[in-house]
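The values are calculated or read from the model by the stated rules, or taken from the named source; none is laboratory data. Keep in mind it's a predicted model, so treat the numbers as computed, not measured. Because the Cβ atoms are built from the backbone with ideal geometry, glycine has one as well, and the counts that use them run over all protein chains shown. Remember, those area values only see protein heavy atoms, side chains included, never the ligands or the DNA or RNA. Shrake-Rupley method; radii C 1.70, N 1.55, O 1.52, S 1.80 Å.
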Amino acid sequence: MNYIRELKAFRDWLLLNELPTSAIALWYTLMAINNMTGWKDRFNAPNSVVEKLTGLSKQGLANARKTLIEKGLIEYEAGKKGKAPIYKMISLVNSVDSSLDQLVDQS
């Protein structure tokens, strides 16, 4: 994944799609964590760390995560006892490029 291209693609995706602020904060936080892990396909992110970095409560995190899953922006595997949850970021680069091309063609 290319960090800068993904950030730009997400910004463009937001122009065409609605997302609550909490889900936006979570997406950016997960991208930052993924960047710190060296762009593993799947990476662990403890809830306590994600809550601290996003400012979300436990329920706020759960709601934002559910929204990102429903929108197809992340995959999520709940953590087991003593292990942090596992996330996978879904690349937006190719899908946003084609969506914006269609939008430009229509206008």
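Taking residue 82, is it under 10 Å from the mean Cα position of the chain (by Cα) and part of a loop (DSSP other than H, G, I, E, B)? For residue 82, the condition - under 10 Å from the mean Cα position of the chain (by Cα) and part of a loop (DSSP other than H, G, I, E, B) - is not met.
For the condition among the polar types (S, T, N, Q) and closer than 23 Å to residue 5 by Cβ, residue 35 qualifies.
Within the stretch 1-77, considering only helices (runs of 4 or more DSSP H) that don't extend past its boundaries, which have at least 3 residues that are within 12 Å of residue 92 (Cβ to Cβ) and open to solvent by less than 80 Å² (accessible area, probe 1.4 Å)?
3-16
Contact map, the stretch 1-16: first residue under 9 Å from residue 31 (Cβ atoms), second residue surrounded by fewer than 17 Cβ atoms within 10 Å (Cβ to Cβ) and among the small types (Gly, Ala, Ser), Cβ cut-off under 7 Å, separation 6 or more or different chains; pairs are 1/91; 6/91. Residues in the stretch 10-44 that are at pLDDT 95 or above and among the small types (Gly, Ala, Ser): 22, 23, 25, 32.
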